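Student: Can you read through this structure? Questions will come right after.
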Amino acid sequence: MNEAIPVSRVTDHGTAKLMPDVDRRRAWLLTVDGAPQSYVDLDEPTHLEFEYTRRLGHVLDTVAEPGRALDVLHLGGGAFTLPRYLAATRPGSRQDVVEADRGLLDLVAEHLPLPDGAGITAHGTDARAWLEAAPADSADLLVADVFGGSRVPAHLTSVDYVREAARVLRADGVYVANLADAAPFPFLRPQLAGFATLFEELALIAEPGVLRGRRFGNAVLVAAHRPLDTAALARRTAADAFPARVEHGPALLELIGDALPVRDADAVPSPEPPAGAFGIG
């Protein structure tokens, strides 16, 4: 058997590297400019290595009855970890993946090809532009995991963006996003405030240490017009190797406090992570 070797390539938005996992025969870590972006096991697409990805996976598992096919829009592609996961857990789903870095799409297609019949279509374009052109009421699930390096781009942080997401989702659809911040949450609180203006139900999944202000970290935002199964989410996230907490209702309103939604004209990227926050070994 040929030993897997690392691959490095300068793409449209940085230097992408694919590094094989010595412990899993066909598993790869994708980094862009040194920041971990995706982990994929080609033999086991339901394996979610990163903590935040597992939390996103818990949301994907609980948005509808197990195995039900969904129409899904992914903003941010990476190595297609979650599209592969959904293709395995919800076969027959129709998935569009929007990734602005066309060079990265080419790299992933070449070295980590999608299985035949996966129902996944990649689009090399800007996430906001694709969202604004997408038909209304066309998605059951919208998954946003867009990072330029280690930061969420400014044009994906405004209430104007949220309005487009709400338009594209069906009435019973669910929005889920990977965000990152640290107390006192100058980025996260306005994000929650923006979603609260357009969605009746919100939840936030994060480690207690992040919520208590002890460190910078990921936070998974969930929004919908219908009640979310926060009890199921809480059970699943509490059982992880690194347990997380699900905030919703009054506790989440208290976190938002007096924060106001951000308009396009005032939008800024998410904060730069401190050195080593998302580094690897």
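Student: Which number comes out as Rg/Rh for segment 156-205 once both Rg and the Kirkwood Rh are worked out on C-alpha atoms?
Tutor: 0.95
Student: Which of the listed residues, Leu188, Pro91, Ala239, is farthest toward the dipole's positive end in the chain, when Lys, Arg count +1 and Asp, Glu count -1 at the beta-carbon?
Tutor: Working it through, the farthest residue towards the positive pole turns out to be Ala239.
Student: In addition: Of the trypsin sites (Lys or Arg not before Pro) in segment 32-68, which ones lie in a loop per DSSP and count no more than 15 other C-beta atoms within 10 Å?
Tutor: When the trypsin sites (Lys or Arg not before Pro) of segment 32-68 are filtered for loop state and at most 15 Cβ neighbours within 10 Å, Arg68 remain.
Student: Right, another one. Please identify every one of the GluC sites (Glu not before Pro) in segment 1-63 that sits in a loop by DSSP and has no more than 14 other beta carbons within 10 Å of its own beta carbon.
Tutor: Within segment 1-63, the qualifying GluC sites (Glu not before Pro) (loop, at most 14 other Cβ atoms within 10 Å) are Glu3.
Student: A further question on this structure: Taking only Cα atoms of segment 40-86, what ratio of Rg to Rh do you get with Rh as the Kirkwood inverse-distance radius?
Tutor: For segment 40-86, the value is 0.93.
Student: OK, next. Average projected area of the Cα convex hull of segment 99-149, in nm²?
Tutor: 4.5 nm²
Student: Against the empirical 2.2 N^0.38 Å scaling, what ratio does the C-alpha Rg of the chain come to?
Tutor: Normalised Cα radius of gyration, the chain: 0.95.
Student: Within segment 196-281, list the GluC sites (Glu not before Pro) lying in a DSSP loop whose Cβ has at most 13 other Cβ atoms in a 10 Å radius.
Tutor: The qualifying sites are Glu200.
Student: Another one. Leaving out ligands, DNA and RNA but keeping every protein chain, what accessible area does Trp130 have, in Å² rounded to the nearest 10, with a 1.4 Å probe?
Tutor: The accessible area of Trp130 comes to roughly 70 Å².
Student: To two decimal places, what compactness ratio does segment 176-253 give when its Cα radius of gyration is scaled by 2.2 N^0.38 Å?
Tutor: 1.03
Student: Would you mind computing Rg(Cα) / (2.2 N^0.38 Å) for segment 130-281, counting N as its residues?
Tutor: For segment 130-281, the normalised Cα radius of gyration is 1.01.
Student: Heavy atoms only, probe 1.4 angstrom, no DNA, RNA or ligands counted: give me Phe199, Phe50 ranked by accessible area, highest first.
Tutor: Greatest to least solvent exposure: Phe50, Phe199.
Student: Tell me, what is the 1.4 Å probe accessible area of Ile5, in Å² to the nearest 10?
Tutor: Taking all protein chains as shown, Ile5 has close to 110 Å².
Student: Just reorder Asp181, Asp71 by solvent-accessible area, largest first, 1.4 Å probe, all chains present.
Tutor: The most accessible residue leads, giving Asp71, Asp181.
Student: Follow-up question, since we're still on this one. If you place +1 on the Cβ of every Lys and Arg and -1 on the Cβ of every Asp and Glu, how big does the dipole about the Cα centre of the chain come out, in debye to the nearest 20?
Tutor: 420 debye
Student: Can you give me the accessible area per residue for the chain, using a 1.4 Å probe, in Å²?
Tutor: 45 Å²
Student: Go ahead and set up a Gaussian network model of the chain, Cα springs under 10 Å, then flag whichever of Pro45, Pro115, Pro153 fluctuates most.
Tutor: Pro115
Student: Can you tell me, using C-alpha contacts under 8 Å and at least 6 residues apart, the relative contact order of segment 114-171 as a whole percent?
Tutor: Relative contact order comes out at 48 percent.
The values are calculated or read from the model by the stated rules, or taken from the named source; none is laboratory data. Please read all numbers here as calculations on a predicted model, not as lab measurements. Neighbour counts are summed over all protein chains in view; Cβ atoms, including those assigned to glycine, are modelled from backbone coordinates with ideal geometry. Ligands, DNA and RNA are excluded from the accessible area calculation, which covers all protein heavy atoms including side chains. Shrake-Rupley method; radii C 1.70, N 1.55, O 1.52, S 1.80 Å.
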